[in-house]
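Following: one structure in structure tokens, then a few remarks.
The values are calculated or read from the model by the stated rules, or taken from the named source; none is laboratory data. A quick note: this is a predicted structure, and the numbers were derived from the prediction, not measured. Cβ coordinates were reconstructed from backbone atoms using ideal geometry, including for glycine residues, and neighbour counts include every protein chain displayed.
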Amino acid sequence: MIRVESVEKQFVGKNVLKNLSFSVPDGRITALLGANGAGKTTCLRIIAGLLKADSGKVSVGGLDVARYPIAVRRQLGIVGDREGLYERLTVKEYLTFFAGAQGIAGEALAQALESVRDVLELDSLWCRRTKGFSQGERMKVSLARALIHRPGHLILDEPTRGLDVLAARLLRKTLLQLRSQGTAILFSSHVMAEVAELSDSVLVMSKGAIVGNGAPEELMHLSGTDSLEESFVALAYGIKGTGHAEGALL
Amino acid sequence: MNSVKSLVWQQFFALLRKECLEVWRDRRAVFTAIITCLLLPALTIGGIVYAIKNNAEDTFRLALLSRETVPLLEQRLADARLEVEIIQEGAAKELLENGFDLVLKVDDNFNSAFRNLLIPKLYLYMDSSSEGIRGQVTYLQRHLSGFQSVVARQRLIARGVAPQVLTPWQLEVRDVSAPSKRGALLLTMMPSMLILGIFVACLGASIDSSAGERERLSLEVLLQQPLAGPQIVLAKVLAVSSIGWLSGLVGVAGLVSVLPLLPLSELGIQYSVSLVAIPMMGLLLLPLSLLVAVAQMLLALRSQSFKDAQMQLGLLQIVPLLILFGLDMSKVDLEVPFWQFVPLVGQQQWLKALLVGETLSLPLVIAGSLVTLSLVGLCILVGARALQRERLLGAT
């Protein structure tokens, strides 16, 4: 489980995260929704231990991220909003490095490589250098990197951005499979249909704070709307009804 | 405990392999390193060849412009270096333009004035903008002066006066400097060029693996891994320095293979590199390569972008060379043991000594290298701290 408790973060005197609290249970997919600049990426970076919270506590699998950042990273798989591929390495070399960085070697390494190769259908890319890969190919390799050490917790920042239909379908299939294996999954997205289809619960962030938390149906009920998108717009922007400023809900 | 150690090493080797693949597959960095290791020794050798050529005593042409025949001068002026041509009519300027290096114009009444013990005049015309003219004029003046002295002695002897009265003393110049010291004056340039070569060779790789990785957005992914900051920086430093060190080794190999073929003795240089000295030079360059790599990476990490890093480091490349040349030209006594503990200066002094066949004090070399390696260790820790800066991720 990922637990975020009363986290605050400032950048140059501006409150980016305000008293942020939520949890991501094991075996569940939690979506993090928010407008650009709402603080989603900062929140995900704090969970990954890349940024330090000014106050509050974040734990992953019961481990305090601030105290045990290295141990936490062994339990986390992260697909950021930037793929971060090494263009001079082949897919195999790239994944071998990240497996090695997670301490996987020998027979376990061979098995881990074969597993992600099969699950994410990487055969045709396996011995190619990643330079010139399409967005979908980049995302697949990036996801393979996040899954190579079979983490118990997975964080994805806008994973379907720029993906074609087949790649998006493969991603969704993989996430559902991981959920069934007990992985705690937190992902941010702007695609409401995808959030509605995949997520067990939804967190809505606005201006650094959680303004809605619950199952998609609960949020629709809370905001008095009949679609998740309407519900998000109402909660995040205080606007009820698509494209019409009919009044603030919160 | 052992399994933790083994995990740390396993992670480190995975990281080192990845960094080496990245560095050695970077065509731009490898190309720069190859060009550097070939170009810098070539420049040094070119400089030496030029110096030898300038130092060589080339022959030059003298027009002896005289209306009457002056057998005295005609017979005595010509020698191995001086081609004399007698011209009876003409303007000095035109003769200089037509291929003569110097024109010596003789007074019309030279022969009668000479016989009557008067002082006939000679006029030397030259083009001061010509290359090497000073040396030719000095040579001719010395030549004429020697001849003048012979004539004066003959006249004194003919009159029963001892010629020694014109020579109250005789100055003889004797050079007491050791051949190795004479060589060191010019060989100073070579270690500095080798050191500059390491700086240039490491440049592309160090920027690429720090500012470049940050700009390509892969640094954040790397920092998400369960790796300690010093592990990351050390692996990067080893990979980057490998390219600088190899460039240094090729530079040393190039120098020691080509220098024996050059006529260095003509410049008073005694060049002597023993077989032991060659691997020794390679070893001495290793800590220096590590220091150069880590220093460049630290600076590149502070830059805003790849281009910014390129510009800043490009300008800073020349600073160490200026320091080394400055110290060499100043009156600072670099043979004081203190300087052997100063990175760059120590290595420069050791390389210079090895090139001229001097022996090194092994304890001082080891101690000086350890100082350099300690500095590398310190920079690695500073680099590891720099990786924790939130600004590095563009977060603020």
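Whether any residue in the stretch A:93-104 is in contact (Cβ under 8 Å) with a residue 60 or more places away in the chain, part of a helix (DSSP H, G or I), buried (at least 20 other Cβ atoms within 10 Å of the Cβ) and within 14 Å of another protein chain (Cβ to nearest Cβ) is what I want to check.
Residues of the stretch A:93-104 that are in contact (Cβ under 8 Å) with a residue 60 or more places away in the chain, as a first pass: none.
Scanning the stretch A:93-104 turns up no residue that is in contact (Cβ under 8 Å) with a residue 60 or more places away in the chain, part of a helix (DSSP H, G or I), buried (at least 20 other Cβ atoms within 10 Å of the Cβ) and within 14 Å of another protein chain (Cβ to nearest Cβ).
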- Message: Show me the helices (runs of 4 or more DSSP H) found entirely inside the stretch B:1-110 where at least 1 residues are within 14 Å of chain A (Cβ to nearest Cβ).
- Response: B:2-24, B:27-55
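Here is a yes/no grid of residues against (1) surrounded by 15 or more Cβ atoms within 10 Å (Cβ to Cβ); (2) modelled with pLDDT under 85; (3) of a type outside the set (D, E); (4) assigned by TED's automatic domain parsing to the domain that holds B:L288:
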site: B:K307; (1), (2), (3), (4): no, no, yes, yes
site: B:I318; (1), (2), (3), (4): no, yes, yes, yes
site: B:G326; (1), (2), (3), (4): no, yes, yes, yes
site: B:L334; (1), (2), (3), (4): yes, yes, yes, yes
site: B:F341; (1), (2), (3), (4): yes, no, yes, yes
- Item | Residue match in the stretch A:47-56 (condition: more than 18 Å from the chain's Cα centre (by Cα), part of a helix (DSSP H, G or I) and over 24 Å from B:E22 (Cβ atoms)) | no
- Contacts under 9 angstrom Cβ, first residue in the stretch B:30-42 being closer than 17 Å to B:C20 by Cα and touching a residue at least 60 places away in the same chain (Cβ under 8 Å), partner hydroxyl-bearing (S, T, Y) and part of a helix (DSSP H, G or I), 6 or more apart: B:T32/B:S247; B:A33/B:S247; B:I34/B:S247
- Query: assigned by TED's automatic domain parsing to the domain that holds B:V365, crowded, with 18+ Cβ neighbours inside 10 Å and polar (S, T, N, Q) - does that describe any residue in the stretch B:242-257?
  - Reply: yes
- Of all residues in the stretch A:48-88, which are of a type in the set (D, E) and within 12 Å of chain B (Cβ to nearest Cβ)? A:D54, A:D81, A:E83, A:E87
- Please enumerate the residues belonging to the stretch A:121-145 that are surrounded by fewer than 22 Cβ atoms within 10 Å (Cβ to Cβ) and more than 13 Å from A:Y94 (Cα to Cα). A:E121, A:D123, A:S124, A:G132, A:F133, A:S134, A:Q135, A:G136, A:E137
- Could you check A:R67 against (1) out of contact with any Lys or Arg (no Cβ under 7 Å at 6 or more places or on another chain); (2) surrounded by 15 or more Cβ atoms within 10 Å (Cβ to Cβ); (3) not in a helix (DSSP H, G or I) and say which number it fails? (2)
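Would you mention how many residues in the stretch B:117-154 are under 38 Å from the mean Cα position of the chain (by Cα) and part of a loop (DSSP other than H, G, I, E, B)? Spell out how you get there, then give the answer.
First pass over the stretch B:117-154, keeping only residues under 38 Å from the mean Cα position of the chain (by Cα): B:124-146.
When the remaining residues are screened for being part of a loop (DSSP other than H, G, I, E, B), the result is B:127-132.
Adding up the residues that qualify gives 6.
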- Note on the structure: When restricted to B:L234, B:L223, the only residue within 12 Å of chain A (Cβ to nearest Cβ), over 31 Å from the mean Cα position of the chain (by Cα), closer than 30 Å to A:R145 by Cβ and surrounded by 17 or more Cβ atoms within 10 Å (Cβ to Cβ) is B:L223
